[in-house]
Structures are given as C-alpha cells and as structure tokens.
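One structure is given here, and the rest of the page talks about it.
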Amino acid sequence: MKIISVVGARPNFMKIAPFIKEIKKYNIEHLLVHTGQHYDDEMSLYFFQDLNIPAADINLGIGSGSHAEQVGNTMVAFEKVLIEQKPDWVVVMGDVNATLACSITAKKMHVKVCHIEAGLRSRDDKMPEEINRLVTDRISDLLLTPDFFSTENLIKEGVDKSKIHHVGNIMIDTLESNVDKAKNKNVSEIILKNSLRGQPNKVFKNFTEFGVITMHRPSNVDNFAVLSNIVDFFCNNKSLNFSLFWTIHPRTKIKLKEFNLWDSILRNNRIILLNPLRYHDMLKLNLDAKIFFTDSGGIQEECTVLKTPCITLRTNTERPITLIEHGGVSILVKNDIKIIENNLDLVLNQSVYSKRPKYWDGNVANRCLKAILEYN
Ligand code: UD1
C-alpha cells in the first residue's frame, strides 16, 4: 500500500506527527507532501523539528495568496505528484486550504481520500474553513471523526455509516506525548526569549498569574472597529489585573499595524507581545495560564484537556464539545466586549471543570491507521 499524507498550515503539523510515527510501524510506503501555505520557520519548520516530523518528501511551495490562488496552485502542483507517485490513498487533515485542494485533486484521479478530523461544522459559510470541511467530507471515502457531534453531523448529511469511524482527536496524541517536556519549561524564560522588541520594561519579571491571547480569524482582525474594541478591552479592562501574553499571528500583526493599534499595545504595561510560539512553549503557557482568549479551534481543544478556562472570541464553533455546556471549558462571546465582561467573573472566580471527550486518549493515530488498513 502507498499513502501520501498532506500538510499545509500550522494546525496540520500537530495532527500529522502521531500519524507518521504510527505509519512507520507498518509495511506501508509513505510520502509526506507539504503544500507550503505556511512557510515561515516559526509557522512551519520549528514544528517539524520540535515534534520530530521528518522533512516533507515534497514541498509544493505554494505560499501566500488569495484562497483561489492557494487552492488552484495547490491542485495544479499536487496533480503532478499524483501522476508520478500513484498512491492508493491520500490522507488529509483538518480544514485548511491544503485539505480542500488535495482531496479534490485526489478524488478526480480516482485515488481514495481519508479525512482525519471529519464532520466538524460551524454552520457559518463565511468561514473559509467551513467550505473546506463541507467539500472534503462530501467526497472523502473514509471519514475519521474526533467526537460524536461530528459523527452525527455526517449521518444527518446522509454519509454512509460504513465510511465513518469515531476515532477521537489526533492532536491530543501530540499533547500527551509532549506534555512532560513542556512541564519542565520556565514561563519567564519563554517570555524573555519570545517577546517582540520594544518592550524591555515588561519582560524581566517572575510571572505568576497570567492570561494568554491568540487571534487570527478574519472576523476578528480584518475590521478596524472590531479589532480596536478588542484591543481597548485587553489594554484597559479593570478585571484583568494580571499580565496578558499575546502571541501574534502574521495576519494579526499586519492588521494591527495597518490600523495604527500596534504602538498603543507596545506601550501598554499589561500586554506583552510575543512572536508565534514553538509547540512546547505554548503548551507550557496553557498548563499554567489563568485564562485563554482565543479564536483558535485547536486551542479550545487543548484547553479542554488541560482544564484551562477559555474565552472564545467567535459567534459559533465547529467544536461544541469544548463548550462548558457540553463538558468543556470554553464560552462563546462573539467579539462583543459586554458579553466578555459578563462572563469574565464566571471564568476567573469559579473553578471550571471539564471532562475529557471519549477517545481523546493518545491512541488516535493507531485507530486512524487501522481504519485505513481495514477499509474495503
Ligand atoms: C490558515 C488556515 C486556518 C488556520 C490558520 C492557522 C485556511 C483557509 N486557513 O489561516 O484555518 O487556523 O492557518 O495559522 O487554510 N503569513 C506569513 N507567514 C507564513 C504564512 C502566512 O507571514 O508562514 C502571512 C501572509 O501574509 C498571509 C497571512 O499570514 O497572507 C495569512 O496566512 P494564510 O495562509 O492566508 O491563512 P491563515 O490566516 O494563517
């Protein structure tokens, strides 16, 4: 059997690491294709290094661009790979543009497609990821779901049950095998090493209580009124009487500068701006943080397992299992400051309990491989 697995952007790397480790146990020919959507060292290479992912066999070098450019260019380049390599399976994960582009290309060439993290639905078709999920799931031969909500979504959409396997969340395999290494890290050292220049008075501290911010979704960062309200809340809200570490995604950095909000954050004493963090550094912050403010689905999931209270700056989530009402830690607050303020006390002053979803147990890659091998 020959398998090609595909990655393109940062959230894919935590998902491919355990899959590749598992595949080596079998007599399977495997090639890793990186589409090159994320190309900065801190968005790509460092994750390969830190998670022991072997260098990609083929890098398509797609880079940044509009959605049509990224998807179209990936399809053209990936088609050539498939013509040459003739795999039996293409394995895609998550919901990034690589997931969409490579699943369509494979399906059109009659190569079987396996989607890891199938069935997530935000029901918000303004999200590019939702389109990617819908199309990929519609054409995949094998749909491996992280939780029962996802399985139900697929069944309701009419997917043949024999194609769906509830395997659990593969990213938690990576968390489990790296959490001990992360625990040994030192928060103050992480801040000193990763803080952006221009904030010298803020970083030489022994940090005991802190929150973490990550934000990159167009709905939060592309609009001046929305982003400036959020920035004002983080800079000035009185209930936030602890340091806030803000790891800055490239898109967010561009927007903060464009909207002239960058300097006011640099000057603010509470917020420390950080470059995108390496995997173990981020995990350490999550282990010790008092609270997370995020619009990332992956962070919502990691917070659920680590029991870190999570304020999710979105109107919806494709991961309802991470919400407090379903046993998780996360509260949806849109980007409405009033709602954030109303929920802040609840999150800061009450213990948040979470229960680990079924099969988020560190053995997911093994179940994925078995599902592929037993497919007929
Ligand atoms: C992509 C994914 C999103 C995921 C996110 C995690 C899609 C549709 N979206 O969004 O689901 O949550 O990754 O990061 O696939 N840039 C750099 N260096 C890089 C990569 C990008 O500077 O290595 C800049 C470019 O200016 C680019 C911008 O960041 O225009 C956004 O990158 P892009 O690949 O378009 O999507 P993300 O917003 O990162």
For this session: Please return the longest stretch of the chain lacking exposed loop sites, where GluC sites (Glu not before Pro) count only if DSSP places them in a loop and at most 12 other Cβ atoms lie within 10 Å.
Result: 210-373
Exercise. Can you give the Rg and Dmax of the range 117-167 based on its C-alpha atoms, in angstrom?
Worked result: 10.0, 30
Problem set entry | Largest to smallest accessible area among TYR279, TYR46 [probe 1.4 Å] | TYR46, TYR279
Exercise. Counting every Cα pair in the chain, what percent are over 28 Å apart?
Worked result: 44
Problem set entry | Which of HIS110, HIS115, HIS326, HIS166 is most accessible, then next, and so on - probe 1.4 Å | HIS110, HIS326, HIS166, HIS115
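Summing -39500 (n - 2.57) over the DSSP H runs of n ≥ 4 in the chain and dividing by its residue number, what mean residue ellipticity at 222 nm do you reach, to the nearest 500 deg cm²/dmol?
Result for the chain, helices only: -13500 deg cm²/dmol.
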For this session: Once you have all Cα-Cα distances for the range 311-376, histogram them in 5 Å bins from zero and send the whole-percent values.
Result: 4, 15, 19, 17, 14, 9, 8, 7, 4, 3, 1
Exercise. Out of residues 5 or more away from LEU274 or on other chains, whose amide H comes under 5 Å of its own, with H placed 1.01 Å from N in the peptide plane?
Worked result: LEU196, TRP246, THR247, ILE248
Exercise. Which percent of the accessible heavy-atom area of the chain goes to carbon and sulfur, probe 1.4 angstrom?
Worked result: 48
Exercise. P(r) of the range 221-376 in 10 Å steps, Cα pairs, percent per bin?
Worked result: 10, 35, 35, 13, 6, 1, 0
For this session: Report the label-to-label distance for LYS370 and SER228 in nanometres (one decimal), using points 7 Å from each Cα along the Cα→Cβ vector.
Result: 5.6
Problem set entry | 16 Å Cα-Cα reach of LYS205 towards lysines, excluding residues that sit fewer than 8 places from it in its own chain | LYS185, LYS193
Problem set entry | Cleavage-rule hits (trypsin sites (Lys or Arg not before Pro)) in the range 114-145: DSSP loop, at most 15 neighbouring Cβ within 10 angstrom | ARG123, LYS126
For this session: Would you mind computing, in nm to one decimal, how far apart the modelled labels at LYS2 and PHE148 are, each placed 7 Å from Cα along Cα→Cβ?
Result: 4.2
For this session: Please identify the cysteines of the chain that lack any partner cysteine with a Cβ under 4.7 Å from their own Cβ.
Result: CYS102, CYS114, CYS235, CYS368
For this session: Work out from phi, with θ = phi - 60° and the Karplus expression 6.51 cos²θ - 1.76 cosθ + 1.60, the ³J(HN,Hα) of each residue of the range 129-136, listed in order in whole Hz, and give x for Gly and Pro.
Result: 5, 5, 4, 4, 5, 4, 5, 4
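The values are calculated or read from the model by the stated rules, or taken from the named source; none is laboratory data. Keep in mind that this is a model prediction, so the values were computed, not measured. A quick note on method: Cβ atoms are made from the backbone with ideal geometry, for glycine too, and the neighbour counts reach across all protein chains shown. Accessible surface areas use protein heavy atoms only, side chains included; no ligands, DNA or RNA. Shrake-Rupley method; radii C 1.70, N 1.55, O 1.52, S 1.80 Å.
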